[in-house]
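These notes concern the structure reproduced below.
Nothing in this text is a laboratory measurement; each read-out follows from the coordinates by a stated rule. Owing to the predicted nature of the structure, the values given are computational and were not obtained by experimental measurement. When we count neighbours, we look across all protein chains shown, and the Cβ atoms used for this are built from the backbone with ideal geometry, even at glycine.
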């Protein structure tokens, strides 16, 4: 699978200072709205739109189970796998985050015609 790697921070310290644990920021990258957070277990990036009813997950919260919880109906999703952990929603799209020597990057899957 080919990815477009897009730099979002200069280093891990900048990421940690800007995105406090349990808070969210939104990136609009290559036409996708991505919700980024950090927890005790690491940095995570998932789609911002809840697959159940379309609410913005960035307006929700993180649980102590490493889940993101939708503000509308309280459906929860595992931040690592994207799988729904409550409710009957589909899984979230997740995005890899990589720490490289020159910064922190999010991977966006390349379309079939771009690979």
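Of all strands (runs of 3 or more DSSP E) completely enclosed by the stretch 1-55, which ones contain at least 3 residues that are touching a residue at least 24 places away in the same chain (Cβ under 8 Å), more than 11 Å from the chain's Cα centre (by Cα) and farther than 20 Å from residue 85 by Cα? Before you say what the answer is, go through the steps one by one.
Numbers: elements: 3-9, 24-29, 32-39, 42-47.
By residue number, 3-9.
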Inspect all residues belonging to the stretch 42-52 and state whether any of them is out of contact with any strand residue (DSSP E or B) (no Cβ under 9 Å at 6 or more places or on another chain) and under 20 Å from residue 7 (Cα atoms).
no
Going by what's in this entry, would residue 104 be described as in contact with a strand residue (DSSP E or B) (Cβ under 6 Å, 6 or more places away or on another chain), in contact (Cβ under 8 Å) with a residue 60 or more places away in the chain, over 14 Å from residue 33 (Cβ atoms) and surrounded by 16 or more Cβ atoms within 10 Å (Cβ to Cβ)?
yes
Quick check on the stretch 63-78. Is at least one of its residues surrounded by 18 or more Cβ atoms within 10 Å (Cβ to Cβ), under 22 Å from residue 1 (Cα atoms) and touching a strand residue (DSSP E or B) at 6+ places or on another chain (Cβ under 7 Å)?
no
